[in-house]
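Right, I'll just put the structure down here and ask away after.
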Amino acid sequence: MTVTPPGTVTPPANLRELFLGFLSIGARSFGGVMPWAHRVLVEERRWISREDFTSVVGLCQFLPGPNVGNASIVLGRRWFGIKGSIVAFLGFFGLPFVWVLALAALYADFASVPGVKRVVVGVAAAGAGLFIGTAIKLAKPIAHRPAALVVVAGCFIAVGVGRVSMLIVIPVAAAISYYLSKRGFL
């Protein structure tokens with residue numbers, strides 16, 4: 001087995017490897033997909049850099065649909081064209097689709113059981129923790145850019161505090177980011 005030096009990015013070699021990589025993300029993504037996507041794509045398989053992950057997720061956040069689902073399509077296309085998009089998407093959503101159907105059937109029968117309600121609350125708390133941890137990882141590549149932090153803070157205040165619709169905030173933030181990038185601030 002070849003050991004990849006730290007910091008080296010090596011995209012998947014074939015469609016099978018692409019499928020298995022996204023399958024592993026989907027299979028482990030209980031409590032939130034983003035932490036597992038970052039771990040698999042950046043840390044374990046080293047298919048993309050932290051900076052590239054942040055960029056792809058940023059683009060996919062702007063698009064309708066689930067972020068990492070969109071990322072599977074974008075990255076699959078980047079590496080293997082339309083076949084790669086389809087393979088990555090199917091790998092990512094295959095097992096979760098089956099599991100959600102099975103869990104939905106079970107939950108429908110046991111949702112009123114107090115112990116099940118407590119488990120659901122505990123899982124929600126764990127999911128929130130995973131999300132916060134991933135947000136911190138996503139912020140690291142842009143943390144040294146004050147203009148980027150201003151955009152982040154503005155979005156947080158607008159959506160989190162001011163309750164402004166993301167349909168308004170995202171295009172405005174994208175326009176501001178584009179302007180700042182053209183001026184060399186991002």
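Values quoted throughout were computed directly from the atomic coordinates according to the rules given, and no laboratory measurement underlies them. As the structure is a prediction and not an experimental result, all values here were calculated from the model. A quick note on method: Cβ atoms are made from the backbone with ideal geometry, for glycine too, and the neighbour counts reach across all protein chains shown.
Once phi is turned into θ = phi - 60°, what whole-Hz ³J(HN,Hα) does the Karplus curve with 6.51, -1.76 and 1.60 give for every residue of the range 169-186, x standing for Gly and Pro?
These are the phi-based 3J(HN,Hα) values: 5, 5, x, 5, 5, 5, 5, 5, 5, 4, 4, 5, 5, 4, 7, x, 8, 10 Hz.
Now for a separate question. Taking 7 Å along the Cα-to-C-beta vector as the label spot, tell me the ILE168-GLN61 distance in nanometres, rounded to one decimal.
According to this spin-label approximation, the distance is 1.9 nm.
In nm, give the distance between the simple-model label positions of VAL9 and LEU180, each being 7 Å from the Cα along the Cα-to-Cβ direction.
2.1 nm
Let me ask something else. For ILE82 and ALA135, compute 0.36 nm times the residue count separating them, minus their Cα-Cα distance, and round to one decimal in nm.
16.1 nm
Here's something else I'd like to know. About the Cα centre of the chain, what is the dipole size in debye to 20, counting +1 per Lys and Arg Cβ and -1 per Asp and Glu Cβ, all else neutral? Don't jump to the answer; show the numbers that get you there.
Working: 17 positive and 6 negative charges, 60 e Å.
The calculated dipole for the chain is roughly 280 debye.
Let me ask you something else. Starting from the Cα of LEU95, move 7 Å in the Cα-to-Cβ direction to define the label point; list residues of the range 33-75 whose amide nitrogen is under 13 Å from there.
Only 36-37, 40 pass the distance filter.
Using alpha-carbon positions, what is the distance between the centroids of the range 44-79 and the range 140-163, in Å?
Computed from Cα coordinates, the inter-centre distance equals 20 Å.
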